[in-house]
1. Apply the Karplus parameterisation 6.51 cos²θ - 1.76 cosθ + 1.60, with θ equal to phi minus 60°, to every residue of the stretch 136-152 and state each ³J(HN,Hα) to the nearest whole Hz, in sequence, with x for glycine and proline.
2. What accessible area per residue, rounded to a whole number of Å², is obtained for the stretch 93-185 using a probe radius of 1.4 Å?
3. Quick one: if the Förster radius is 25 Å, what FRET efficiency do GLU7 and HIS59 give, using the C-beta to C-beta distance and rounding to 0.05?
4. Just name one of LEU33, HIS21, ALA47: the one whose Cα is farthest towards the positive end of the charge dipole of the stretch 1-61 (beta-carbon charges, Lys/Arg +1, Asp/Glu -1).
5. Using the beta-carbon distance between LYS27 and ASP224 and R0 = 56 Å, what value does 1/(1 + (r/R0)^6) give for FRET efficiency, to the nearest 0.05?
6. Counting only protein heavy atoms and a 1.4 Å probe, tell me what percentage of the stretch 100-207's accessible area is made up of carbon and sulfur.
7. Is there a pair in LYS11/LYS112; LYS112/LYS251; LYS36/LYS293 whose C-alpha atoms are over 28 Å apart, and which pairs would that be?
8. Quick one: accessible surface of TYR89, probe radius 1.4 Å, all protein chains present, in square angstrom to the nearest 10.
Amino acid sequence: MLTERQELILKTIIQDFTNTHEPVGSKTVMNQLPIKVSSATIRNEMAVLEDKGLIEKTHSSSGRIPSTEGYRYYLDNLVQPLQLPEEMYHEIGYQFDQPFNQVDEIVKEAAKILSDLTDYTAFAEGPEAKDVMITGFRIVPLAPRQVMAILVTSDGGVKNQVYTLPRHISGEEIEQAVRLINDQLVGRNLKDINKDTFAQLSSNKVVGKNLPEFLELLESVIKDAASEQMYVDGQLNLLNNAENSDLQEIKSLYELINSNHLAGELIDLSDSQEEKYPVHVRLGSELQNDLLKDFSLVTAEYSVGNYGRGTIAILGPRNMPYSEMIGLMEYFRQELARKLLDYYGRFK
């Protein structure tokens, strides 16, 4: 642990570096400290911080910049969330104050709002489909051999996919399959429907022999409805926030965050010992991907009661203004949860 004075100096260096993006010297620290300390004393304390690995010297200046360990100490011991400017509260409320027809629309808008407010890359993952039931299923013909499968759920969600049917499946078999699915699946929880469910439906002798093949085509729409939806916005902000200008590396990073599977793993807090905290910051070296070494990820979980939990996150430079970003994420997760609860309330 550091002394109170050393903590003040470290905090001052981090805050100044965040604002200027330039190495910080002892005179700058002396002028900004809330206590009166000589420049010589500050240099001695900065030497101690450097020995502890919390700040480091750059080649281009005699000033110091925070190290990864310095940021970690700051985040664990010193950072305090800041209250947002009043206009930002109004902006969030204004952006959310619009009619939404599906949960996915709200979650997608959340990613956009976060990206617009921060100029960072933002992620928003919808709540798990907990206690959400199937309320209807139908097939709509679009063209010869082409149909759209439509699934409606109790939270107002509508999922659809277009299929091209094999020639040997008749219209009568399609109608029989739709009746069977509605008889067997309507009223059931999405989370309870799995491969065994489809295997049982396939063994039904009432409908035609082509039912198993037809059910294979329809299984994906059920999976899509039951899965958590991930939305990413502000991908191009990576160009502004990447320290490395290597185009191939930026391309690889862009592909990483646009992969739902990898992005989901990136913001997942299930294995973190810090998941009990509402907002969690992971530095690039803690993200287990070298592409992210110069970034930081601020992640927050939100709860919508019986409807499950979801996650929001922002990916930005390592020297982002953490106090402001943590304050923003704490407020935003509550507003997103409130908006979703209002939406779910329509279906009670």
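The values are calculated or read from the model by the stated rules, or taken from the named source; none is laboratory data. Since the structure is predicted, the reported quantities are computational estimates derived from the model, not experimental observations. Cβ sites come from the backbone with ideal geometry, for glycine too, and all protein chains shown count toward neighbours. We work out accessible area using only protein heavy atoms, side chains counted, and drop any ligands, DNA or RNA first. Shrake-Rupley method; radii C 1.70, N 1.55, O 1.52, S 1.80 Å.
1. Values, residue by residue: x, 8, 8, 10, 10, x, 10, 7, x, 6, 10, 9, 10, 8, 10, 10, 10 Hz.
2. 48
3. 0.40
4. Selected residue: LEU33.
5. 0.40
6. It is 47 percent, rounded to a whole number.
7. In this structure, LYS11/LYS112; LYS36/LYS293 exceed 28 Å between Cα atoms.
8. 50
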